[in-house]
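One structure below.
None of the figures in this text is laboratory data; all of them are computed from the coordinates on show. Just so it is clear, the model here is predicted, and its values are computed rather than measured. Note: ideal-geometry Cβ built from the backbone for every residue, glycine included; neighbour counts use all protein chains shown.
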Amino acid sequence: MGGSAALVGGSLIDVRTGRVTPNAAIVIDGGKIIEVGTADAVRIPTGARRIDTRGSWLIPGLTDMHVHLRSPAMLPIYLAYGVTTVRECGGGLTRARLLQRDLATGRRVGPRFYFVGPILDGIPPLWPDMTTLVETPLTAEAAVRFLATQGVAAVKVYNSVPETSLETIVRVAHELGLPVTGHVPRSMTMTRAIEIGMDGLEHIRITGREMLAADEAAQLDYLPVGRRETLLWGRYDLASPRFDALVARLASARVFLDPTFVVDAAALRDERERSQAEAMVTLPPWVGAAIGQAVGARKAGDPQRVTDMPPELRDSARIGFSKRQRFIGMCASAGVRLVTGTDHTGLGDDLPGRGVQRELAYLVECGLTPLAALRASTIVAAEALGRSDELGSIERGKAADLLVLNADPLTDVRNVGAIRIVVTAGRLMTPADLLAAPPEAPDGAYSA
């Protein structure tokens with residue numbers, strides 16, 4: 001429901017400072033927050049719909065900075081689990097532009113939608129429909145300039161971008177006001193990627209050449225991701241001065257780091273755990289059908305199964321996962337800017353939106369406070385998007401994207417799942433409403 005409304009009586013959490021304002025009032029109109037304060041100080045406009053939020057907590061909507069949207073049917077599912085902003089981190093360009101248009105004009109219900117378009121890589125891609133080859137600086141510059149004309153929110157690079165192409169991508173993107181995010185190319189170190197000027201790093205991809213002897217690194221850095229990350233992290237020593245130096249570089253360069261623990265954790269499951277996690281018996285049948293079809297298409301499109309985890313390495317991989325969490329704890333303590341992303345279509349526990357809730361819990365396991373984890377998904381994510389003037393906090397003049405929770409997320413971050421009301425662009429909805437029926441593509445909207 002849209003129009004003017006006032007949320008009155010709840011406890012407002014300022015994710016910037018951690019301050020909690022009891023008996024708060026938030027007035028929204030035209031998709032914006034027009035007044036925030038205590039209920040006895042805020043004037044509620046005549047005719048505004050008044051919503052009693054006593055006994056509830058109010059926080060900004062959450063953000064998934066690493067989405068691969070397989071179907072428009074996923075959009076309301078994100079909202080149902082509290083994600084009011086997503087960034088598609090690699091996908092078809094025309095489809096993304098049309099979806100962004102449909103969402104912005106209200107013809108479709110879903111989160112705010114930003115996109116990077118095709119990823120840029122230096123070798124023939126595994127996913128041709130979402131990759132542009134940039135083998136040379138010339139093709140790299142042309143690709144970035146084209147993407148800029150298409151309204152991308154960032155430029156994403158992938159595993160095999162040549163160093164000369166990456167230098168060109170960063171230079172041209174920055175000239176055009178665009179950040180560069182993506183994977184650390186396997187041919188270089190994370191330190192070198194930062195020196196070149198990458199603004200964001202997707203996943204915790206520290207190549208062997210960063211920490212190991214050259215001959216040892218050469219044997220591991222080009223393996224499929226499941227084997228590579230397990231074997232590398234089995235050799236890494238977090239007490240090494242090299243790790244301290246890397247964390248310091250990440251902090252001083254003000255890089256945005258997106259750990260995407262959710263997708264790594266999913267790879268660790270055995271068949272029994274996977275079946276249990278993917279059970280969606282408590283959800284409407286259409287959700288399982290829509291998401292199951294999308295995930296099936298993703299798996300079919302990955303004939304090399306590069307993310308598969310060999311069973312004999314699963315125990316070692318769990319140890320490596322724990323070490324990556326300790327690394328992120330080191331980053332958080334040093335002031336590295338962390339954001340939340342999932343890189344996962346998801347089923348069950350990792351359902352679109354619910355994956356972000358799980359990512360927050362993983363961050364707290366790393367040693368972050370619940371408040372610090374919430375910042376990663378709100379104000380820090382807004383900074384990474386270049387939208388901190390309109391998103392990420394509940395303040396006057398910002399977009400009315402927020403959640404009304406039935407439990408305090410500062411005492412347990414998992415309480416972000418106790419959603420009573422979702423507000424997106426000033427429109428109030430409940431999770432039950434959003435999941436009640438599959439969305440229909442309106443006339444003139446992108447539907448495939």
Taking the C-alpha atoms of segment 201-258, how large are the radius of gyration and the largest Cα-Cα span, Dmax, in Å? 11.9, 31
Please compute the contact order of segment 63-391 in relative form: average sequence separation of alpha-carbon pairs under 8 Å and at least six residues apart, divided by the residue count, as a percent. 19 percent
For every other residue with a beta carbon closer than 13 angstrom to the beta carbon of Gly367, add +1 if it is Lys or Arg and -1 if Asp or Glu, then tell me the sum. +1
Integer Hz, Karplus 6.51/-1.76/1.60 couplings in order for segment 16-30, x for Gly and Pro: 6, 10, x, 5, 10, 9, x, 6, 8, 10, 10, 9, 10, 7, x
Starting with the highest mean, order 21-31, 231-241, 125-135 by the number of other Cβ atoms within 10 Å, averaged over the residues of each peptide. 21-31, 125-135, 231-241
The size of the Cβ-based charge dipole (Lys, Arg +1; Asp, Glu -1) of the chain about the Cα centre, to the nearest 20 debye, is 680 debye
Classify segment 63-391: rounded, prolate or oblate, from the alpha-carbon gyration tensor (a ≥ b ≥ c, eigenvalue square roots; a/c under 1.5 rounded; otherwise prolate if a/b is larger than b/c)? rounded
As I understand it, the value is the acute angle between the Cα axis of helix 241-252 and the longest principal axis of the Cα atoms of the chain; what does it come to in degrees, rounded to 10? 40 degrees
Under 18 Å by backbone N from the virtual spin label 7 Å along Cα-to-Cβ at His174, the residues of segment 139-153 are 140-142, 144-145, 148
For segment 187-245, what does the relative contact order come out to in percent, with C-alpha contacts under 8 Å and a separation of six or more? 27 percent
In Å and on Cα atoms, what radius of gyration and Dmax does segment 21-125 show? 18.2, 62
